[in-house]
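Heads up: the structure comes next, in structure tokens.
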Amino acid sequence: MSAVATLEPVERRLSGTAPAISAAGLAREFTVKNKPPKQALRGLDLTVAEGEVHGLLGPNGAGKTTLMKILSTQLLPTSGQARICGHDVAGDTQEVRRLIGVVMGGERGLYSRLSARQNLEFWGAVQNVPRKQIRERTKYLLQRLGLEAKADVRVETYSRGMKQRLHLARGLIGDPRVLLLDEPTMGMDPVAAREFRRLINELRSERRSILLATHDMAEAESLCDRVSFVRDGEIIATRSPRAVAELVSAVQELELDSADPAVLAELAALPGVTSVAPNGESLRVLLRSQDDFRVLLRFAADRGITSLRTVRPSLEDVYVRLIGDRGLVV
């Protein structure tokens, strides 16, 4: 990636001693007046090696964004410790901010009445990037992320996907060693999302460390060296993408075009069927394994059901059906 070609290569700046990200016993509690305290993080432990792309997978409310905000010095932990390249996020915030780039979903972090170019120049100055390098990087990033044609147009006119690409450019303007990406492809069209993934692979080749929070299982599988499952403020399992793919393929989920209660009861009694639930005018069936698919096919044929669709289990399905309180139960 030529955006930072004038700077020292990341490899020369790696410490070789401390992980890019480390968290130990990290907890964060939120208090609301007249309500019980809410535990967003509960003793979370995480290690991301230098040069690693690490995914955080979990449903809304799992604690991913809270973790990102602590690592980016936007929130203080209630207890525990978090470090970026060996620097404590609570005690050495200025050095941590120099090392990281942050890409959060939503509107925050962009000034809508400024142009994309002005936004990047502003954030480059905030991060104490030399003026000449700000101009060089701004020009390259606008071109690389497909914003060059509207570089001098107010951001308030941008689509959601364009704003998200500008967020990514903002995260890169300071030439970070560590990137924190929270739902970075939110609102992007498929072409832009594919370009984003290509960019992440380029950043990986530069040995930058990336923590990627996402709901997109396919995105995590294609980009990450390892992924961690987050639930209720805790990391309950860390696996390679291959193992994540095995989690998904360990079950078969299908839809049959039938809403007959009698069919539902018969399906529930079949060997290999772990659950059956109405889904509009169809039935959603979860099988224990791929081997049980033939049993379901015979059942459907015997009852004249001609429409049967394979459904990829959602991330939440994987949590509920494959991950118990003590980890994987496959």
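Just so you know, all these numbers are worked out from the coordinates, no wet-lab data involved. From a predicted model like this one, the values you see are computed outputs, not experimental measurements. Positions of Cβ are generated from backbone atoms using ideal geometry, with glycine treated the same way; all protein chains shown enter the neighbour counts.
Placing +1 on each Lys and Arg Cβ and -1 on each Asp and Glu Cβ, with no other charges, gives the stretch 252-312 a dipole about its Cα centre of roughly 160 debye. Note that the stretch 42-58 has calculated 3J(HN,Hα) couplings of 10, x, 6, 10, 7, 9, 10, 6, 4, x, 9, 9, 10, x, 10, 10, x Hz, one per residue in order, obtained from phi through the Karplus relation 6.51 cos²θ - 1.76 cosθ + 1.60 (θ = phi - 60°); glycine and proline are x.
Annotation: peptides 168-174, 122-128, ranked by per-residue average of other Cβ atoms within 10 Å with the highest first, follow the order 168-174, 122-128. Were the residues from Arg194 through Gln133 laid out at 0.36 nm apart, the gain over their Cα-Cα distance would be 19.2 nm.
Once both labels are positioned 7 Å from their Cα atoms along Cα-to-Cβ, the gap between Arg160 and Ala90 label points is 3.6 nm. Extending 7 Å from Cα along the Cβ direction at Gln74 and again at Ser307 yields two label points whose distance is 4.3 nm. Computed about its Cα centre, the charge dipole of the stretch 111-246 is approximately 620 debye, with only Lys, Arg, Asp and Glu carrying charge at their Cβ. Can you classify the stretch 252-312 as rounded, prolate or oblate using the Cα gyration tensor, where a ≥ b ≥ c are the square roots of its eigenvalues, rounded means a/c under 1.5, and otherwise it's prolate if a/b beats b/c and oblate if not? The shape class here is rounded. Between Asp257 and Ala18, the distance separating the two model label sites (each 7 Å from Cα on the Cα→Cβ line) works out to 6.0 nm.
Each Cα pair under 8 Å and six or more residues apart adds its separation to the average, and for the stretch 2-246 the resulting relative contact order is 28 percent. In the structure shown, the pairs Lys33/Lys163; Lys38/Lys69; Lys69/Lys132; Lys64/Lys139 are assessed against 23 Å; a Cα-Cα span above that value is assigned to Lys33/Lys163; Lys69/Lys132; Lys64/Lys139.
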